[in-house]
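S.K.: This is the structure I want to talk about, given as structure tokens.
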Amino acid sequence: MVALNEDERIANYLAANSRRPLMAVLMWMAVRSNFDPETQEVTVTRAELAERFKVHKDEITRVFALLVQINALRCWKDDFGGQRYELSPSVATHLKGQLRDQHQYAFGPLRLVGGGDNKPEPRADRRPA
């Protein structure tokens, strides 16, 4: 199940709060297209995303940190010390009914400042189009 409303809210949040808004939104779309539907684990790495978007891995890490901050992703260290990420079941899940509700409750709601419903305002550090 794809929660389009949640995707739009997350995209708006990234557009309004990222140093590189377009890259952040496109990266979110790439993450949404690359996850294991059984485990919700993100299957694309930060290094792969950095190569795809031709940016330093630190730029990807900053966007991932924003996504973790708003609870769109959960982060943990694997057995080898690497970062692993899980997609929020509020955004996409194959689960249905009570099991879906339990997973969404355990993961928690999205934490979007201002709800993420508003369209992003032009940032002062950008020139008008």
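Just so it is clear, none of the values below were taken in a lab; they were calculated from the coordinates. Note that the structure is predicted; figures quoted are calculated from it, not measured. Here the Cβ is made from the backbone with ideal geometry for all residues, glycine too, and neighbour counts use every protein chain on show.
S.K.: Do any helices (runs of 4 or more DSSP H) lying entirely in the range 1-115 carry at least 3 residues that are surrounded by 17 or more Cβ atoms within 10 Å (Cβ to Cβ), and which ones are they?
M.R.: By residue number, 4-17, 21-33, 46-53, 57-69.
S.K.: Continuing with this model, one more query. If you go through the range 64-84 one residue at a time, do you hit one that is among the polar types (S, T, N, Q) and closer than 16 Å to LEU110 by Cα?
M.R.: yes
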